[in-house]
Amino acid sequence: MSIIKDFPHFLHGGDYNPDQWLKTPGIIDDDFRLMDEAHCNAFSIGIFSWSQYEPEEGKFDFTWLDDIMERCRVHGKKVFLATPSGARPAWLGDKYPETNRVNEKGERMPWGGRENHCWTSPVMREKLAVVIRRLAERYASHPALGGWHVSNEYNGACYCGLCRKEFVDFLKQRYGSLERLNEVYWSAFWGHRYSAWEQVDPNDRSMDLARVDFLRFNTQQVVDFMRFEVEALRDFSDAPVTTNMMGVYEGLDYWRIADVCDFIADDCYPTWYKGETERTAARYSMIHDMHYSMKGKPFLMMESCPGIPNYKPYCKMRRPREFEREMLLALAHGADGTMYFQWRKGRGNCEKIHGAVVGHDGTDKTLMFQRVADYGARLERIGEIADSMIRPEVAVIHDWESVWALHNTKGFGERGGDVQEQQMIETVFKHYQSLWTHSVPLAVIESTCDFSRYKILVAPMLFMMKPGVMERLSRFVEDGGILVMTFLSAYVDDNNLCFSGGNPGGGELRRLFGIWNEDIDLFEPETEQTLRFDGWQLSGRNEFPVVRRCEYLHAEGAEVLGVYGNDFYAGSPALTMNRCGRGKAYYIGADTNPDFLELFYGKLLEQNGIEPVLSGLPSTVKAARREKDGAAYYFVQNMSDEPQTVRLPYEMEDLWNGISSVDAITLPPCGSAVLKSK
Ligand code: GLA
Ligand code: ZN
């Protein structure tokens, strides 16, 4: 089913803030003319408009929005109408200071900025519900309404008395008794035995579970807040709801937020700096694949930038075809639309020079506008692809709680710093990229998802094991699955307590992998270590650098495929494989560069009959496939600055360029094509 009911098109448009232009004659007329010209069909409106709707408490004015909604209807545009909780009116902050957040130090923050209200405050919720209900009632049956854009980029936390009290309730719910809490908090440590629930301090960095629990709690708060907003809408409207996520933002477990969404929406702001193209493309592919995987259906790239966001270190202009490639990358990985922040540049304040479709010149003459319009026209040509599926046989696991657990574990730090969090996501990206480079469909899931539909599961640095996961991983392998795990996996349980009985994971995974991970060696900068991999033939190479860290492993039944080259543990296992039931479990103890991982995964895919979606691609050309009604659609993208020729296995239709039959395509630098197999 399409994202917007009875609107089976790719969505194209962006954040539209007409309330910044209500007093400038002609601008809004121009906007709608230009929107048609740019082939835009969907807009997010009202994200920060609370103070326009309700300039004084209890006094409402929706006339300007009535006009905009009516214009949208006339011009055939669909609207994602926002609930305006992202920015509170000044009167609300003034009159009800309890709606302002309290920071970690216990200081009440002043009103101002955005996305900074208290999650618990009853006044906040009461006042918000009033304006949401007014909006919902007024526009629920408006023909331009496509769905609800709930709030904006939920983020952050509040430490006020009300929120702290909720946290205590969360702990009571989770642990039942103080005795149990003291047990799982290992509170005999430094004499931290708690004699009252209120003593648990989420900012006490000596207690590894307190912070993890606070992050869990904070996610629950946001989920509860979003549900509250959705309920206010639901009294009047059953249009689909979403909220815009921010990729792999660490502060919220997005899988929990996904449960409240009817479809997933995400904001993506990559930079395409020299020498980083593949890395960037892989990262965003991973984020897109995760958003597709969350619901197993197309998502919406809600925000992106047709130019460059003003806060990036190098605000360079877009190179030809780079913008189009970025948009098509999202579609290739399951988006059913790409939208921009924002439609028109405002004249004032901290986003006044942020890229937008319409610039301060106000015309259709800019490169940005023309690229958007050209893309929009082509998007209409490939509209039949909307609502098509991706069918991955390989999944990469990434858990938010694992990030939190590792980040709140002292140790394993590079240069002794607390940078574990960064390392984990970097490791996940690295493994994902090493698979992605082979142009195979990939899923990105969490460890509580169903594994049974995949042939290969990759769990890089899955530090924390949630309840039942180890058993499910074992079953997956016994039933014929291929499992790959890496260093720093399965060190702690969901209470951030180390496993007794040796890593990985105490008994269960130690048996599954047939190894014992005795210790981890973290390198000084000058350390030289290598992985000698004799297990398989890998392009004639068998020695690869090991970087940053490696684990000191003992084989306990596993076959040793690779060993370390240097130091006192030279010759000891670095990479192992254990047969278990009908499947195999691989353990990679060495952190390596992508050069090894790409070859390793290439071989693993081949051994398991997983082929690239198109064969014979030049190494800098990547392809992805979507499927629908028996047809296959290929997105083929040149990640290099040189033209590349791709020979196709059979004749296809080039939908993007409108050529009915091609058996080879030449992609210009950064070029893309969208093909249909006949
Ligand atoms: C976020 C916000 C937008 C805007 C953009 C700028 O994604 O949701 O309102 O501030 O960043 O890049
Ligand atoms: Zn609060």
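What does the helix-only formula give at 222 nm for the chain: each DSSP H stretch with n ≥ 4 adding -39500 (n - 2.57), the total divided by the residues, and the result rounded to the nearest 500 deg cm²/dmol? Per the formula, -9500 deg cm²/dmol. Computed from backbone phi with θ = phi - 60° and the Karplus coefficients 6.51, -1.76 and 1.60, the 3J(HN,Hα) list for the stretch 569-575 is 9, 3, x, 8, x, 10, 8 Hz; x is used for glycine and proline. Amide H contacts of Val444 (H built 1.01 Å from N, in plane; Pro and chain starts excluded): Met290, Ser293, Val396 sit under 5 Å, all sequence-distant by 5 or more or on other chains. For the stretch 188-246, the C-alpha radius of gyration sits at 1.71 times the compact-globule guess of 2.2 N^0.38 Å, with N the residue count. Note on the stretch 28-143: Lys pairs 8 or more places apart or on different chains, Cα atoms under 25 Å apart, count 4. Of the peptides 592-605, 326-339, the ranking by mean beta-carbon count within 10 Å, highest at the top, reads 326-339, 592-605.
Near Val546, the amide H atoms lying under 5 Å from its own belong to Gln529, Thr530, Leu531; only residues 5 or more places off or on other chains count, and H is placed 1.01 Å from N. Would you mind computing the Rg to Rh ratio of the stretch 36-84 from its alpha-carbon coordinates, Kirkwood style for Rh? Reported Rg/Rh (Cα atoms, Kirkwood Rh): 1.05. Percent of C-alpha pairs per 5 Å bin in the stretch 304-359, short distances first: 4, 19, 25, 25, 16, 9, 2, 0. Shape index of the stretch 424-547: Rg/Rh, with Rg the Cα radius of gyration and Rh the Kirkwood radius from the inverse mean 1/r over Cα pairs, equals 0.97. Taken about its Cα centre, the chain carries a charge dipole of roughly 680 debye when the Cβ of each Lys and Arg holds +1 and the Cβ of each Asp and Glu holds -1. Using only the C-alpha atoms, the convex hull of the stretch 120-227 corresponds to 113 Å³ per residue. Candidate cross-link partners of Lys430 among the lysines, defined by an alpha-carbon separation under 19 Å and a same-chain spacing of 8 or more, comprise Lys274, Lys603, Lys622. All distinct Cα pairs of the chain go into the 1/r average, and the inverse of that average, the Kirkwood radius, is 26.8 Å. At full extension, Val547 and Arg453 could sit 30.5 nm farther apart than now, given 0.36 nm per residue minus the alpha carbon distance. Positive contributions from Lys and Arg (+1) and negative ones from Asp and Glu (-1), summed over other residues with Cβ under 14 Å from the Cβ of Ile132, come out at +2.
Full extension of the chain between Ser619 and Asn495 yields a length gain of 40.3 nm, computed as 0.36 nm times the residue separation minus the alpha carbon distance.
Evaluated at q = 0.13, 0.16 Å⁻¹, a Debye calculation over the C-alpha positions of the stretch 1-136 (equal weights, vacuum) places log10 I(q)/I(0) at -0.65, -0.88.
For the stretch 1-113, the dipole from Cβ point charges (+1 on Lys and Arg, -1 on Asp and Glu) about the Cα centre works out to 300 debye, to the nearest 20. Pairwise Cα separations in the stretch 209-317 fall into 10 Å bins from 0 onward with the following percentages, short to long: 13, 36, 31, 17, 3, 0. Extending 7 Å from the Cα toward the beta-carbon at both Arg234 and His360 defines two label points whose distance is 4.6 nm.
Residues whose amide H lies under 5 Å from that of Ala335, counting only those 5 or more places away or on a different chain, are Phe299; hydrogens are built 1.01 Å from N in the peptide plane. Applying the Karplus relation 6.51 cos²θ - 1.76 cosθ + 1.60 with θ = phi - 60° to the stretch 539-552 yields 3J(HN,Hα) values of 6, x, 9, 9, 10, 9, x, 9, 10, 6, 5, 7, 9, 9 Hz, where x marks Gly and Pro.
When the Cα positions of Leu648, Tyr284, Thr486 are compared along the charge dipole of the chain, Leu648 comes out farthest toward the positive end, with charges on each C-beta of Lys, Arg, Asp and Glu. Checking every one of the GluC sites (Glu not before Pro) in the stretch 65-107 against DSSP loop status and a limit of 15 other Cβ atoms within 10 Å picks out Glu104, Glu107.
Extension gain, Glu471-Ile27: 0.36 nm per intervening residue step, less the Cα-Cα distance, totals 153.7 nm. The charge dipole of the stretch 174-228, taken about its Cα centre with unit charges on the Cβ atoms of Lys, Arg (+1), Asp and Glu (-1) only, comes to about 140 debye.
Just so you know, the Rg over Rh for the stretch 316-389 is 1.01, from Cα atoms, with Rh as the Kirkwood radius. Applying 1/(1 + (r/R0)^6) with R0 = 25 Å to the Cβ-Cβ distance of Asp519 and Ser177 gives a FRET efficiency near 0.10. Applied to the stretch 169-176, the Karplus parametrisation 6.51 cos²θ - 1.76 cosθ + 1.60 on θ = phi - 60° returns per-residue 3J(HN,Hα) values of 4, 4, 5, 4, 4, 6, 10, x Hz, with x for Gly and Pro. Can you compute the label reach from Glu651? Point 7 Å from Cα along the Cβ direction, backbone N cut-off under 16 Å, restricted to the stretch 663-678. From the stretch 663-678, the list is 663-665, 676-678. On the basis of the beta-carbon distance and an R0 of 25 Å, Glu70 and Val130 show a calculated FRET efficiency of 0.55. Put a dot 7 Å past the Cα of Asp94, heading toward its Cβ, do the same for Glu384, and the two dots end up 5.9 nm apart. Distance between the C-alpha centers of the stretch 72-105 and the stretch 581-660? Whole Å please. If you average the Cα positions of each part, the centres end up 43 Å apart. Temperature 25 °C, viscosity 0.890 mPa s: under these conditions the Stokes-Einstein estimate for the stretch 365-502, based on its Kirkwood radius over C-alpha pairs, is 141 µm² per second. Can you give the translational diffusion coefficient of the stretch 2-62 in µm²/s, computed by Stokes-Einstein from the Kirkwood radius over Cα pairs at 10 °C and 1.306 mPa s? Using the Kirkwood radius from Cα pairs, D works out to 117 µm²/s.
Readers should treat all values here as calculations from the given coordinates under stated rules, not as data from a laboratory. In this text, all values refer to a predicted model and were calculated from it rather than measured experimentally. For neighbour counting, all protein chains shown are included, and Cβ atoms are generated from backbone atoms with ideal geometry for every residue, glycine included.
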